[in-house]
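Remarks on the structure that follows.
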Amino acid sequence: MKHYFYLQLSLFFSIIGFSQTPRTSTQVTFGRYGGQNQPCMSGRGVCSFSVSNQQAVNGIASKKINETTFALQMSRTAISKEDEIQIVGKNFSEIKENELVSFVQTEDLYIENLVLKNLNIDPKNNKIAAGNYPILFSKENIEILFTLKSAQ
């Protein structure tokens, strides 16, 4: 229980810092990577991710938390019902008040160097490993906190 409290507290302070600094406009596609000539397929996870140097205008933004962590913040209005299912496995309206949900990345995703440069993150930390990642819900937004690992 003590570890859970510290995790919640550290996430809270990370989000406070996130809300006070500029964010980078982000394009993200949810689903499993389908291969070289196939688009994203159904399933959970992120299969493509890109950012630009512009301020967030599409309701989706990314922000560096530290050298190995970044947050993906999305306005609830920017997320389709299909994306909701690919993000948490069901529609957001089906999530109970005290239910703990996480984002499931089903396969490793390698982030391009240009994306990392725009987030001001060292390119050696270029992999979102398959696994579960915390999701924070607010009235207007959801945030997924990704931990990056070295691909080596």
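For ALA151, the residues whose amide H sits under 5 Å from its own are ASN126, LYS127, ignoring neighbours fewer than 5 places away on the same chain, with H placed 1.01 Å from N. The radius of gyration of the Cα set in region 51-152, together with its Dmax, comes out at 14.0, 40 angstrom.
Here, each number is a calculation from the coordinates, and none is a lab measurement. This is a predicted model, so every value here is computed, not measured.
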